[in-house]
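The values are calculated or read from the model by the stated rules, or taken from the named source; none is laboratory data. In this text the structure is predicted, and so the values were computed from the model without any measurement. A quick note on method: Cβ atoms are made from the backbone with ideal geometry, for glycine too, and the neighbour counts reach across all protein chains shown. The accessibility values were calculated without ligands, DNA or RNA, using every heavy atom of the protein model including side chains. Shrake-Rupley method; radii C 1.70, N 1.55, O 1.52, S 1.80 Å.
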Amino acid sequence: MKEIAEAAGVSVMTVSAVLSGVGRVSDARKREIISLAQRMGYRRNAAARLLKSKRVADLGLLIFEKEALIRENAVFMDMTVQFMRECTRNNIHFQLEWFDCYRNREELPQMLTSGLVGGLLIAGAPANAAKRFIEKDLALPYVALGENGRFSVTFDSDDRMRQAIYYLTSLGHENIGLVNGPSELSAFRHYREVFDATLKELSLLRPDTLYIENHPADDFQTEVNQHLACFLGVPNRPTALLVHSGLFTKALISGLFRAGVRVPEDVSVICYETVDWEVEKFVPSITAIEFRLEDLVVAGVRMVRELLDGKEVLHPNFTVSPAFTKRGTVCPPKSF
């Protein structure tokens, strides 16, 4: 395909889209590329020839994430398990692919162009060539999981974030800090907005409210140590923290204990952006806002099947609510 692309003066992704029959390319350009491919001896594989003769009912789950984070992200791991369970439950053949679109900036996941799936669930945030292809050339019906899109299933965490803050204030916490994810991602900018708005509503937003931004793709140990130093170094330490990511929350709690700060006696901790099993398996078990991935996946599979069947999707931007579970990392502040 690379040789065909060079001969035609187009990108490899355009050639792949034409030969797979899934891209939106002009008829003239299609004829040119197909003619070149025939002259150069290109042959599609047997699976592609077979699939051309029938409707493909297989579903795919395509996850975009940096390679360094794929194996340690409990949300994506649980999403994969729930997708497999839901497809098995409904007797649906399925395929899985994880793709780092930052490391492979000009490449495309196989699932986008192979023709081996009829519909897709897409999780994570596509970037670079993959993002451009999905926005301009992808003909497959797809549903975005956890991200906004024309058809999407997302979590609405606003109420649970407010509930967590109300819970802390009901126990007497008045100085609450936030350890958030990277601000370049819209989801974390939104968490910050909800956090600030809720504190302002309760007259608890202060000029010195502690806000820490975490970058999970950077050196993990360095990040933990920097955030510990930041928390320990502020003159007026928060008595409670909201912390994103189960993995990072566990590391932060361990670091606090090593520094002589007890959880929850000295500082209460609530985790968000996690799943139940990730925060249950720790001592102490962690109070958390937890994604219910089964709800997300069930709704996503139902929606993409409606698209495949040509049905009207009544709720193209469907939201599900996380859970808020109280465990062992929250108590009243010492002065209360």
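For segment 274-285: of the residues being in a loop (DSSP other than H, G, I, E, B) and of a type in the set (A, V, I, L, M, F, W, C), which is most open to solvent (accessible area, probe 1.4 Å)? Steps first, please.
Kept after step one, since they are in a loop (DSSP other than H, G, I, E, B), are these residues of segment 274-285: 275, 281-285.
Subset that is of a type in the set (A, V, I, L, M, F, W, C): 275, 282-283.
Values: 275: 0, 282: 50, 283: 130 Å².
Checked segment 274-285; the qualifying residue most open to solvent (accessible area, probe 1.4 Å) is 283.
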In segment 286-336, how many residues are in a loop (DSSP other than H, G, I, E, B) and within 23 Å of residue 270 (Cα to Cα)?
-> 16
Residue by residue through segment 85-100, note down the ones that are open to solvent by less than 40 Å² (accessible area, probe 1.4 Å) and either in contact with a Lys or Arg (Cβ under 7 Å, 6 or more places away or on another chain) or of a type in the set (D, E, K, R) (or both).
-> 86, 97, 100
Does residue 223 satisfy the criteria of being acidic (Asp, Glu), part of a helix (DSSP H, G or I) and modelled with pLDDT under 95?
-> yes
Within segment 243-284, restricting attention to residues that are among the charged types (D, E, K, R) and touching a strand residue (DSSP E or B) at 6+ places or on another chain (Cβ under 7 Å), which residue is nearest to residue 155 (Cα to Cα)?
-> 273
Under 6 Å by Cβ, and 6 or more places apart or on different chains, what pairs join a residue from segment 20-37 that is at positive phi with one that is open to solvent by less than 60 Å² (accessible area, probe 1.4 Å) and at pLDDT 80 or above?
-> none
Here is a list of conditions, (1) charged (D, E, K, R); (2) under 13 Å from the mean Cα position of the chain (by Cα); (3) over 16 Å from residue 273 (Cα atoms), and residue 106 meets all of them except one; can you say which number that is?
-> (2)
Within segment 105-130, how many residues are of a type outside the set (Gly, Ala, Ser), closer than 25 Å to residue 81 by Cβ and open to solvent by less than 40 Å² (accessible area, probe 1.4 Å)?
-> 8
Restricting attention to segment 245-273, and to residues there that are open to solvent by less than 10 Å² (accessible area, probe 1.4 Å) and modelled with pLDDT under 95, which single residue is nearest to residue 166 (Cα to Cα)?
-> 246
When every residue in segment 224-244 that is of a type in the set (Val, Ile, Thr) and within 26 Å of residue 162 (Cβ to Cβ) is compared, the one farthest from the chain's Cα centre (by Cα) is 234
Selection over segment 39-67 where residues are modelled with pLDDT under 75, surrounded by fewer than 15 Cβ atoms within 10 Å (Cβ to Cβ) and part of a helix (DSSP H, G or I) yields a count of 5
Out of segment 95-153, which residues are closer than 16 Å to residue 12 by Cα and among the aliphatic types (A, V, I, L, M)?
-> 108, 111, 112, 129, 130, 134, 138
Within segment 286-323, of all residues that are among the acidic types (Asp, Glu) and either touching a residue at least 60 places away in the same chain (Cβ under 8 Å) or touching an Asp or Glu at 6+ places or on another chain (Cβ under 7 Å) (or both), the one most open to solvent (accessible area, probe 1.4 Å) is 294
Tell me which residues, restricted to segment 67-84, are over 16 Å from residue 247 (Cβ atoms) and either aliphatic (A, V, I, L, M) or within 11 Å of the chain's Cα centre (by Cα) (or both).
-> 81, 84
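Residue by residue, here is whether (1) farther than 17 Å from residue 293 by Cα; (2) among the basic types (Lys, Arg); (3) touching a residue at least 40 places away in the same chain (Cβ under 8 Å) holds:
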| position | (1), (2), (3) |
| --- | --- |
| 77 | no, no, no |
| 87 | no, no, yes |
| 109 | yes, no, yes |
| 122 | no, no, yes |
